[in-house]
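Undergrad: Starting off with a structure, shown below.
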Amino acid sequence: MIDLAITADHIRTTLHGYLDEHPDEKPALAPVLTLLDDGADLASRKEFRGHATAGAILARPDGRILHIHHLALDKWLLPGGHLEAQDDTLLDAALRELTEETGIPADAVTAVADRPVHIDVHPIPANHAKNEPDHQHIDFRFLFRTTATVHQLQTEEVTDAAWREAEALADERLRLRVAAAIR
């Protein structure tokens, strides 16, 4: 078993801070609070009722957003992934995933805020190769800025990268928040 630095208290505090800023999302995120209240270890990827992941929305000065083509899901997504033992915060996890998947150095990226710009709960299909059933990801998405370009893709997980207009973000709430933040 891997001990993660990110605790349930950190996840709860981050979630409450987000909900203080976006109270209209309380009904949609109430099941996440229930999982925490029930003692679920949302930092563990073995918690199949749902577990936390960290995502990065990376914006260039022209407003374009980095998308990566994810190998396992065969979809264009935002960089991100599971929490790891060296991550002290959800923001750290998002930055680590961004740098791992794209090769963009951490010192070439600036976080817009220490709070997520969006929290998305979405289903993940079963992965029989990893012995994982269908489950949910609770994706804490953080907004970053950069003038850097993609360096070395993590080819085990990522097959391509592209800078796309913010309008290409599929989630309307996320699209509006990113557009407002990068103006």
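The numbers here are math on the coordinates, done by the rules we state, and not lab data. Values in this document were obtained by computation on a predicted structure and should not be read as measured data. Using ideal geometry, Cβ is built from the backbone for each residue, glycine included, and neighbour counts are taken over all protein chains shown.
Undergrad: Around residue 167, with a cut-off of 15 angstrom between Cβ atoms, what is the net charge of the other residues, counting Lys and Arg +1 and Asp and Glu -1? Don't skip to the end; give the middle numbers.
TA: On the way: positive: 60, 64, 164, 173, 175, 177, 183; negative: 62, 165, 171, 172.
Around residue 167, the charge tally is +3.
Undergrad: Here's a follow-up. Run the numbers on the stretch 13-132 and let me know its relative contact order in percent, using alpha-carbon pairs under 8 Å that are six or more apart.
TA: Numbers: 106 pairs, mean separation 23.6, N = 120.
Worked out over the stretch 13-132, it gives 20 percent.
Undergrad: Turning to a different aspect of this structure: For the modelled label position 7 Å from the Cα of residue 36 along Cα-to-Cβ, which residues of the stretch 140-177 have backbone nitrogen atoms closer than 13 Å?
TA: Counting only backbone N, you get 140.
Undergrad: Net charge within 11 Å of residue 148 by Cβ-Cβ distance, Lys/Arg positive one each and Asp/Glu negative one each, not counting residue 148 itself?
TA: Numbers: positive: 60, 145; negative: 107.
Net charge in that neighbourhood comes out at +1.
Undergrad: For residue 122 paired with residue 12, estimate the spin-label separation in nm (one decimal), with each label point 7 Å from Cα along the Cα-to-Cβ line.
TA: Once both label points are built, they end up 2.8 nm from each other.
Undergrad: Is it possible to state the helix-based mean residue ellipticity at 222 nm for the chain, with each DSSP H run of 4+ residues giving -39500 (n - 2.57), the sum divided by total residues, to the nearest 500 deg cm²/dmol? What is it?
TA: -8500 deg cm²/dmol
Undergrad: Full-extension gain between residue 151 and residue 110, please, as 0.36 nm times their residue separation minus the C-alpha to C-alpha distance. Write out the running numbers ahead of the final one.
TA: Values: separation 41, 0.36 × 41 = 14.76 nm, distance 1.69 nm.
Length gained, residue 151 through residue 110: 13.1 nm.
Undergrad: Quick check: residue separation of residue 75 and residue 28 times 0.36 nm, minus the Cα distance between them. What number comes out in nm?
TA: On the way: separation 47, 0.36 × 47 = 16.92 nm, distance 2.46 nm.
Extending this stretch completely gives an extra 14.5 nm.
Undergrad: Same structure, new question: Any idea how far the Cα center of the stretch 10-39 sits from the one of the stretch 112-183, in Å?
TA: Centre-to-centre (Cα) distance: 19 Å.
Undergrad: Does the stretch 1-79 classify as rounded, prolate or oblate by the C-alpha gyration tensor (a ≥ b ≥ c root eigenvalues; a/c under 1.5 gives rounded; else a/b over b/c gives prolate, otherwise oblate)?
TA: On the way: a/c = 2.08, a/b = 1.36, b/c = 1.52.
Oblate, since a/c reaches 1.5 and b/c is not below a/b.
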